[in-house]
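Trainee: The structure is given below, and queries will be raised subsequently.
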Amino acid sequence: MAGAVAASTNVNSRSTPAHFNLSKSVQRRHSSQHGNCLTITVVVFSTLAIASILYSFLTRQLDSKGCRKIWYASSYSKISSFDSTHTKFASKYGLYLYKEQGYDRLEPNGVPVLFIPGNAGSYRQVQGLAAEAAHQYYDMATANGSYEDGDARNLDFFTADFNEDLTAFHGRTLLDQAEYLNDAIAFILSLYNTSSYSHRSSSDFPLPRSVILIGHSMGGVVARTMLTLPNYQPDSVNTILTLSPPHVVPPATFDWDIVRIYDRINRYWRDSYSEVLVDRNPLASVALVSIAGGKLDLIVPSDYASITTLVPSSNGFTVFTSTMPNVWTGADHLAIVWCDQCRKAIVKALLDIVDVREPTQTKLLSKRLQIFKDNFLTGLETSVERRVPFSLVHDTLLKVQDVQSSFFDSGRRVVLRGLGRSRQPKVYLIPIPRDGGREDFFSILTDKKLEIDGKDQRVDILLCKQPQENLDTNHGAFRTVIDISKPESRSRSFPCTNSAADKVVIPASAKGTLHPYDGSTFSYIQYKLGDVARYDYIALVDSYTTSSPGFVFAEVISVRTAFDALVSYKLQIKSRNCYGRPELFGPLVRQFITDPNESKFFPDASEVDISFYGASPFVPLTNRPGVNNNLKLQMWIDPTCEGPQEVYLSVDIIGSFGNLVMRYRTACAALPLAIATIVLLIQFNIYDSEGIFVSFGSALEIFIRRALPVLMLVSTIFITIQSYLMPASTLPFLEPEDQLSVNGPSTGPVYRYIRYNNMFLGVSDPQLSFLGPLFFTIASGMCIAVYYTMNLNLTRVADSTKAIFLGAYSTITAFYFSVLSGSRRLLTTFILLISVLAYVPYQFAFVVGFHSLRIHISMRSYNGQFNTNFSHFAISMLMLLIWVLPINIPVLIVWVHNLSVRWNTAFSSHHNLLSIMPIVLLVERMTTGNMIPRMAGRFQTITKILLLYLIIYACLHGILNAYWLHYIWQHFFVLAFYSLSATWELIV
């Protein structure tokens, strides 16, 4: 058959006029030098671009690492009774109960909490949280003198041992874990029916009916998946806390199952909250909180942790560790579970939501959410409710001797430098402006603690109404009476409300403070003028009777600065002249966005790196009225220094390049595959017209000279149009089936205003349209580098054929496909396909085929058996398989991992023969030396349409749905195998 095909090729070549072939050849030779220069330029530019991106990623716009290390005395008790009678996964997974030595009892006696490790995570990662929970509860109980008074209880931490399963790469594994954990929850709840727990069987202390879930990384996705499965017990979970989870987008899109499962889970959660009637919503009482680590997380982009488009604000929110009070630092992917500051805040919130008087063991949903916000948010967010302005009760009575002497009206700013200077308590009455906008803020900053029931010498901030004549001044009518009047004189009484309940704690800023977590704290209160419009005065009460260092700074401000871009910035603050006086505090900067809740504080700021998670690639955008995720800046600057404050904000171009790494990792496979497909299309066009199958390198030069500029222009225009229109989809035949249902219209409150940016690079800003040409140029450079590296490798292997057989794996594949006779080779292929159908995943057969083709090319090159056309065709096929290889490797790694843990059950997915048979059979036929014939008519049209379809899909959806590229290529391999398996004369 090889001879027949070769003869057909020669005949077709001779049928073309000689002068035409010569003309084309001369043209290619004349343009070769120019093409080489362009190729070198593309390689150099790509190398510099990649180097700049990596340099920026590793050295620029880095968050400081402020997590403190911890120590604990941990012990784990495996629950062996949770066996195959309770779950079918007992031989693969395990369940443990954590006990802090010297604190916890041997048997569970508190509120059950289940920790879910993430991708390749260990069950031992629970120890940081569990140890802190034991210390906080028992130390608090010791201080109170009782362990079981009130509604508080200790936390029983259970943890799942998944043998470090690779959940991020394999959807079936994710479902297995979720199903196992639902069985585990049923078993955990049954443990509390034992006699050791009988003291809680009374009506005041019902037995637990639900478990709190804490999921790290992919464990957070597993936790949400649990509630969608048939074996989930209704209401057995009502609180889910996730740490660095990829909620909205899979971290790796190489597996069809993982993308489909993500779509269905997110659809289920959105649809549940779209139900108008609470009784029909299975997730109505579920609280979901997502905590992200920020830029220090180099495993999962923190953009993916946002749950804004999944749950309404009444059921959950997203927060960054840099936002959390007294944490104020980023956390990498692993540190977020053991970071001392972070775990203290998490455990405190968990203990606060406990209510053992309820069967769910937790407080009502609204109270749980409020507790989480109090512990995790700065208190400056617009979503945080202010308690004092809406209180109908006046808790403080303020008596002042002389209103005029206390009246303080110096514009819109009051500064107290030093307290107790008058050696007696003093009141400053500041009238609330009526001419300000309702969105303007009245803010108060002090380095003193603000307390409702504090010591005698303190600072109080009160919201007061006009003094009243007939006011009941009995102590019983007010919680606190502040009387600074003199007995012999007439006094005026103001009904007031103490604003200490609305204070927030922010990092202190002093000269030399490097990080927000280094020093002490400031107290800060901020109200919108519209919220306090029913009051008349803000009273600053200085109760110090002796001179004391400190300051109080009150001001009406307008927050107007906002920036909308997915880039990084440099902020410079010039110091001002204080005329020899010490500064009250150094410049303090807060950068923040409101959706999700991300704040960063920069004390003693002079030069600040600004980066944030706003409109991010592939993350759905919310366009709810009044809500935006623009970057905002808030500054506190010493008002006693003279002169205007100079602030400069500029774009950090080099620092912005590093943002591309985490968001476009999959592009390293999808876009080069699109480039390689365009090159193959060029090769087929020349081959069909001239009978010469040019080398991949020559066709690549033609692509760079002719097609790359067009591709760059089209990508720029496409991104610009996409940023304005933001369509949810392109054409139905260009998207996977499951994605169509997700992007369908909905009237639910959660995603009524969602805009999807899931095409191409997912860019929503027209100013970033240059990213299209940048990525296509980098992808072209990668193709050039891989091609010449592969050629060099094949040449070396051909010079020393023995090097091919260094590994047993290569020896086997070479023996199967290059040494055996035709009948034995077909038998081996049949056995390989049967293995895929019965046990191994098809990715294994793909890797075997890839290595077989590589070895076959090397051996034929060594033996001088290569026809030039066939050589170029085989190398082009190998180039395509190289870019498809990364899509198949992750699932194969999961299969090998299952073998390593002796999980011998057949792989539960990826046994579709149609997913691999065309590639295996094509490689088998190519070992006979068959060259694909020149095409004409309908076959030529079908081939070009198929390749164009793959190119368009790889560009538009390949990054977000990389798995689909493998399936699309099957159609081309079917056509190629069909062409190689019959003589072309019989076909036409």
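The values are calculated or read from the model by the stated rules, or taken from the named source; none is laboratory data. Everything numeric here is computed off the predicted structure, so don't read it as measured data. Methodologically, a virtual Cβ is constructed for each residue, glycine included, from the backbone with ideal geometry; neighbour enumeration extends over all protein chains shown. SASA here: full protein model, heavy atoms, side chains in, ligands and nucleic acids out. Shrake-Rupley method; radii C 1.70, N 1.55, O 1.52, S 1.80 Å.
Trainee: Would you be able to tell me the number of residues in segment 515-534 that are buried (at least 16 other Cβ atoms within 10 Å of the Cβ) and among the small types (Gly, Ala, Ser)?
Mentor: Going through segment 515-534 one residue at a time, the tally reaches 2.
Trainee: Taking the condition of being of a type in the set (Ser, Thr, Tyr), without any contact (Cβ under 8 Å) to a residue 60 or more places away in the chain and within 25 Å of Pro603 (Cβ to Cβ), how many residues in segment 293-348 meet it? Don't jump to the end; show me each part of the working.
Mentor: Initial filter on segment 293-348 (of a type in the set (Ser, Thr, Tyr)): 302, 304, 306, 308-309, 313-314, 318, 321-323, 329.
Add one more test, that the residue is without any contact (Cβ under 8 Å) to a residue 60 or more places away in the chain, and what stays is 314, 321.
From what's left, within 25 Å of Pro603 (Cβ to Cβ): 321.
Of the residues in segment 293-348, 1 are of a type in the set (Ser, Thr, Tyr), without any contact (Cβ under 8 Å) to a residue 60 or more places away in the chain and within 25 Å of Pro603 (Cβ to Cβ).
Trainee: Only one residue in Val311, Val356, Val289 is in contact with a strand residue (DSSP E or B) (Cβ under 8 Å, 6 or more places away or on another chain) and modelled with pLDDT of 95 or more. Which one? Walk me through it before giving the result.
Mentor: Numbers: Val311 fails: modelled with pLDDT of 95 or more; Val356 fails: modelled with pLDDT of 95 or more.
Going through Val311, Val356, Val289 in turn, just one is in contact with a strand residue (DSSP E or B) (Cβ under 8 Å, 6 or more places away or on another chain) and modelled with pLDDT of 95 or more: Val289.
Trainee: Separate question: Could you please find all residues in segment 524-556 being among the acidic types (Asp, Glu), outside any strand (DSSP E or B) and closer than 17 Å to Leu429 by Cβ? Give the steps one after another, and end with the answer.
Mentor: So in segment 524-556, the residues among the acidic types (Asp, Glu) come out as 531, 536, 542, 555.
This time we only want the ones that are outside any strand (DSSP E or B), so: 531, 536.
Asp536 - this is the single residue of segment 524-556 that is among the acidic types (Asp, Glu), outside any strand (DSSP E or B) and closer than 17 Å to Leu429 by Cβ.
Trainee: So if I check each of Ser46, Ser15, Ser84, Ser25, which one is farther than 30 Å from Phe693 by Cβ and either modelled with pLDDT of 85 or more or surrounded by fewer than 16 Cβ atoms within 10 Å (Cβ to Cβ) (or both)? Walk me through how you get there before you give the answer.
Mentor: Details: Ser46 fails: farther than 30 Å from Phe693 by Cβ; Ser15 fails: farther than 30 Å from Phe693 by Cβ; Ser25 fails: farther than 30 Å from Phe693 by Cβ.
The unique qualifying residue is Ser84.
Trainee: Among the residues of segment 684-708, which ones are assigned to a helix (DSSP H, G or I) and farther than 21 Å from Tyr787 by Cα?
Mentor: Asp688, Ser689, Glu690, listed by residue number.
Trainee: Please enumerate the residues belonging to segment 200-252 that are more than 21 Å from Asp352 (Cβ to Cβ), among the aliphatic types (A, V, I, L, M) and part of a loop (DSSP other than H, G, I, E, B).
Mentor: Those that are more than 21 Å from Asp352 (Cβ to Cβ), among the aliphatic types (A, V, I, L, M) and part of a loop (DSSP other than H, G, I, E, B): Leu207, Leu227, Leu229, Val248, Val249, Ala252.
Trainee: Only one of these is of a type outside the set (A, V, I, L, M, F, W, C), under 13 Å from the mean Cα position of the chain (by Cα) and farther than 19 Å from Leu213 by Cα: Tyr273, Tyr304. Name it. Talk me through it step by step, then tell me what you get.
Mentor: Working: Tyr273 fails: under 13 Å from the mean Cα position of the chain (by Cα).
When all the criteria are applied, what remains is Tyr304.
Trainee: Looking for something open to solvent by 50 Å² or more (accessible area, probe 1.4 Å) and either within 32 Å of the chain's Cα centre (by Cα) or modelled with pLDDT of 85 or more (or both) - is there at least one such residue anywhere in segment 919-937?
Mentor: no
Trainee: Check Ala345, Ala349 and return the single one that is open to solvent by 10 Å² or more (accessible area, probe 1.4 Å), of a type in the set (Gly, Ala, Ser), at pLDDT 95 or above and part of a helix (DSSP H, G or I). Write out each step before concluding.
Mentor: Details: Ala349 fails: open to solvent by 10 Å² or more (accessible area, probe 1.4 Å).
Criteria check complete, one pass: Ala345.
Trainee: Still on this model: Scan segment 211-252 residue by residue and report those that are within 20 Å of Trp964 (Cα to Cα) and either in contact with a Pro (Cβ under 9 Å, 6 or more places away or on another chain) or surrounded by fewer than 23 Cβ atoms within 10 Å (Cβ to Cβ) (or both).
Mentor: Here is the first cut: in segment 211-252, the residues within 20 Å of Trp964 (Cα to Cα) are 248-252.
Answer for segment 211-252, where residues must be within 20 Å of Trp964 (Cα to Cα) and either in contact with a Pro (Cβ under 9 Å, 6 or more places away or on another chain) or surrounded by fewer than 23 Cβ atoms within 10 Å (Cβ to Cβ) (or both): Val248, Val249, Pro251, Ala252.
Trainee: Also: From the list Phe612, Phe601, pick out the single residue that is part of a loop (DSSP other than H, G, I, E, B) and either touching a residue at least 12 places away in the same chain (Cβ under 8 Å) or open to solvent by less than 10 Å² (accessible area, probe 1.4 Å) (or both). Let's see the steps before the verdict.
Mentor: Values: Phe601 fails: part of a loop (DSSP other than H, G, I, E, B).
The conditions single out Phe612.
Trainee: Picking from Tyr197, Tyr192, which residue would you name as being at pLDDT below 95 and surrounded by 21 or more Cβ atoms within 10 Å (Cβ to Cβ)?
Mentor: Values: Tyr197 fails: surrounded by 21 or more Cβ atoms within 10 Å (Cβ to Cβ).
None of the other options fit; the residue is Tyr192.
Trainee: Let me ask something else. Can you name every residue in segment 65-74 that is open to solvent by less than 40 Å² (accessible area, probe 1.4 Å) and not aliphatic (A, V, I, L, M)?
Mentor: Once the filter is applied, which keeps residues that are open to solvent by less than 40 Å² (accessible area, probe 1.4 Å) and not aliphatic (A, V, I, L, M), segment 65-74 yields Gly66, Cys67, Ser74.
Trainee: Let me ask you something else. Scan segment 33-42 for residues that are open to solvent by 50 Å² or more (accessible area, probe 1.4 Å) and at pLDDT 90 or above and report the count. First the steps, then the outcome.
Mentor: Initial filter on segment 33-42 (open to solvent by 50 Å² or more (accessible area, probe 1.4 Å)): 33-34, 36-38, 40-41.
Restricting the remaining residues to those that are at pLDDT 90 or above gives 40-41.
Number satisfying all stated conditions: 2.
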